[in-house]
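Below: one structure, written as structure tokens.
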């Protein structure tokens, strides 16, 4: 139930920090595993979502630090500097979790405004992790047309979210 209720918020929070979808998956999974193991540590100060996002931030920092160490051993100075920059940005940027929750609420509203077909494709691809090829086969479409549909939907969601967030200030 914890994962079902808060997975999207954790992923939304981690995505701009880590960028790579596989890394976001791994770190999000670590967050929920750790949360489950440490559920008795939750003191009820703030929301459980804030607690999870705090854990996500710390685990993202740990991941970036280990990436820095690995890159220092394996690659050149540019990759190392980029990883250090990401870590510095994460450590100095205090992400307001209530802002994150507001963005998430607005995103949900934007998703609700999509056509049922578009919403279904988004849910299948991004939340159920169904491949574009599988979605295309189910809908008897080409993979290219499903990719284009997702591109248009992302653009629509981006515009809707920008509009909603600009209206709240």
Q: Please give the FRET efficiency for residue 108 paired with residue 29, using the beta carbon to beta carbon distance and R0 = 22 Å, rounded to the nearest 0.05.
A: 0.45
Q: Give, in nm to one decimal, the length gained when the segment between residue 123 and residue 61 is fully stretched (0.36 nm per residue of separation minus the Cα-Cα distance).
A: 19.4 nm
(Q) Just to verify a number: FRET efficiency for residue 69 and residue 159, C-beta to C-beta distance, R0 = 41 Å, to 0.05? (A) 0.55
Q. Got a sec? How would 26, 20 order by Cβ neighbour count within 10 Å, fewest to most?
A. 20, 26
(Q) To make sure I understand, if each residue's beta carbon is the centre and we count other beta carbons within 10 Å, what order do 133, 84, 57 fall in, fewest to most? (A) 133, 84, 57
Q. Label-point separation (nm) for residue 39 and residue 20, each offset 7 Å from Cα along Cα-to-Cβ?
A. 3.1 nm
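Laboratory data are not the source of any read-out in this text; all were calculated from the coordinates shown. Here the structure is a predicted model, which is why all the values come from computation and not from measurement. A quick note on method: Cβ atoms are made from the backbone with ideal geometry, for glycine too, and the neighbour counts reach across all protein chains shown.
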